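Remarks on the structure that follows.
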Amino acid sequence: LRVAMAGCGVIARQHLKGYQQTGRAKIAAVIDLKPENAKTLAQDAGSDPKVFTSLSDALSWGEFDAVDIMTPHDLHHDQALQSTRAGKHVLLEKPMAINLEDCKSLIEEEKQCRKKGIVFMVSENAQFWPEVVKVKQVIDSGRIGKVYLAKANYWETTVGSPFEIRTDDESHWEYQAARVGGGVLMSGSCHWLRPLRFWLGEVDEVIGVTSSPWEIREGWESLSNAMLRFRNGVTATFQGMVVNNPLSNSPCFQVFGSKGEIVVGGGFEGSVTVYDKDNLQGESLGPAEGYFASFPPTINHFVRAVLDKQPVDADTLFCSGEPRIAWAIYRSVKSKKWEKVWEE
């Protein structure tokens, strides 16, 4: 599969590893507004890809099959349409768009793509996170009984953390609400929503609050706390924060059932531990593979969808769920009431 990679930042390096591990893809082009970023990724690709500073120029050249879009959020909608209408398969980083109308537009575009044999996949790698898959298997096995509560805790810090990718440069696009579509809710923390949906089903309604303990940029909330009620009656708490102070290595997820509990350890490298009547001190389900191990299977899923015509696990309608949840939380902040996720 000949791939053009659009956006050569941090996530591009994870996607590149995924393509290299499949053994079934070649990076044909790299695209970034900053030529130095594109050239660095081109060197790492090792396949002598063409370097471009615009997607339009790359599409005019056109000697590739697919576009992997990893650009700022506000560019996702237009660049996805530009690529599919040029006949290219598309892997689009989350969130698929920063407003509901653009989400609807891409949902309709995917329908047209199917008719033409074009693969349109939204990249939500958290569903392929090995620890998330393990939790799903434990829940489905019935080992912890009937699930009644889950907790999701997303955190990043610029200091003293085992996972330090955040910059404190307020000019970075990730701190511009108009480009991100909001603050922490539309940034990294929405990755933690997919596991909850994967395990518990669809979210019906939410209520939440936001604040900015780290005031890096006006209009960009750095803390969000919410309660989610699922259609099956299960509830979950969801916290997302990005701060510039040291933090403990608190768990990413906890799932509580009538017969026990599952814990996914802290940071981005936490292992899965199950607590039940036979394991009151907890049973570890093996060493952690970690969050970044989710990227290769995500990329492989896309490559197989194109080359082997395998169906994509989550269509664009489903993938609009994470931004819809975020937008419902934002509405709840204003209304101070529960807000429905799927009502428009």
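Just want to confirm a number: the relative contact order over the range 261-344, from Cα pairs under 8 angstrom separated by 6+ residues, in percent.
Values: 65 pairs, mean separation 12.4, N = 84.
Relative CO of the range 261-344 lands at 15 percent.
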Q | Relative contact order %, the chain, counting alpha carbon pairs below 8 Å whose residues are six or more apart | A | 19
(Q) Tell me the per residue accessible area of the chain using a 1.4 Å probe; a whole number in Å² is fine. (A) 43
Q: Using DSSP, restrict attention to beta bridges with both residues in the chain and report what percent are antiparallel, rounded to the nearest 5.
A: 55
Q | the range 313-344: trypsin sites (Lys or Arg not before Pro) falling in loop per DSSP and having at most 15 other Cβ within 10 Å | A | Lys336, Lys337
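Give the shape of the range 54-195 as rounded, prolate or oblate, defined through the alpha-carbon gyration tensor: a ≥ b ≥ c are the square roots of its eigenvalues, a/c under 1.5 means rounded, and otherwise the shape is prolate if a/b is larger than b/c and oblate if not.
Numbers: a/c = 2.20, a/b = 1.34, b/c = 1.64.
The shape class here is oblate.
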Q) Can you give the relative contact order of the range 33-128 as a percent, counting alpha carbon pairs under 8 Å and 6+ residues apart? A) 22
Q. Looking at Leu200, Val180, Gln79, which one has the Cα that reaches farthest to the positive end of the dipole of the chain (charges on Cβ: Lys, Arg +1; Asp, Glu -1)?
A. Leu200
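Given just the C-alpha atoms of the chain, how large is their convex hull per residue in cubic angstrom?
On the way: hull volume 46.8 nm³, N = 344.
Spelled out: Cα convex hull of the chain, divided by residues, is 136 Å³.
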Q) Which FRET efficiency value, to the nearest 0.05, do you get for Leu33 and Asn99 by plugging their Cβ-Cβ distance into 1/(1 + (r/R0)^6) with R0 = 30 Å? A) 0.85
Q | When each of Lys88/Lys116; Lys94/Lys336; Lys104/Lys151 is checked by Cα-Cα distance, pairs over 22 Å | A | Lys94/Lys336; Lys104/Lys151
Q. Per residue, what volume in Å³ does the convex hull of the Cα atoms of the range 3-99 enclose?
A. 85
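As a check on your grasp of the helix formula, calculate [θ] at 222 nm for the chain: sum -39500 (n - 2.57) over DSSP H runs of n ≥ 4, divide by the residue count, round to the nearest 500.
Values: 11 runs with 113 residues, N = 344.
Helix-only estimate at 222 nm: -9500 deg cm²/dmol.
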Q: List the residues whose amide H sits under 5 Å from the amide H of Val122, counting only those 5 or more places along or on another chain, with H placed 1.01 Å from N in the peptide plane.
A: Leu92
Q.
Can you divide the C-alpha Rg of the range 256-316 by 2.2 N^0.38 Å and report the result to two decimal places?
A. 1.57
Q: Taking amide H positions as placed in the peptide plane 1.01 Å from N, state which residues far from Glu221 in sequence (5 or more) or on other chains have amide H under 5 Å from it.
A: Gly183, Val184
Q. Which percent of Cα pairs goes in each bin when the distances of the range 234-341 are cut into 10 angstrom slices starting at zero?
A. 11, 25, 34, 26, 4
Q: With r as the distance between the Cβ atoms of Thr235 and Asp78 and R0 = 45 Å, compute the FRET efficiency 1/(1 + (r/R0)^6) and round to 0.05.
A: 0.75
Q: Give me the aspartates and glutamates in straight-line cross-link reach of Lys259: C-alpha distance below 12 Å, same-chain residues under 8 apart excluded.
A: Asp276, Asp278
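Go through 264-277, 86-99 and give me the packing order, highest mean Cβ count within 10 Å leading. Display every interim value, and only then the final one.
Values: 264-277: 18.4, 86-99: 22.5.
Order by mean packing, descending: 86-99, 264-277.
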Q.
Let me check something: with ligands and nucleic acids excluded, how do Glu108, Glu205, Glu343 order by accessible area (1.4 Å probe), largest to smallest?
A. Glu343, Glu108, Glu205
Q) Separation of the range 287-322 and the range 164-229 by C-alpha centroid, Å? A) 22
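When the accessible area of the range 58-195 is split by element with a 1.4 Å probe, what percent falls to carbon and sulfur?
Working: 2410 of 5070 Å².
Answer for the range 58-195: carbon and sulfur cover 48 percent of the accessible area.
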Q: Convert each backbone phi in the range 244-253 into a coupling constant with the Karplus relation 6.51 cos²θ - 1.76 cosθ + 1.60 (shift: θ = phi - 60°), then list the ³J(HN,Hα) values in order as whole Hz, x for Gly and Pro.
A: 10, 10, x, 9, 6, 8, 6, x, 6, 9
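The values are calculated or read from the model by the stated rules, or taken from the named source; none is laboratory data. Just so you know, these numbers come straight off a predicted model, no measurement behind them. Cβ sites come from the backbone with ideal geometry, for glycine too, and all protein chains shown count toward neighbours. Ligands, DNA and RNA are stripped out before the accessible areas are found, and what is left, the full protein with its side chains, is counted by its heavy atoms. Shrake-Rupley method; radii C 1.70, N 1.55, O 1.52, S 1.80 Å.
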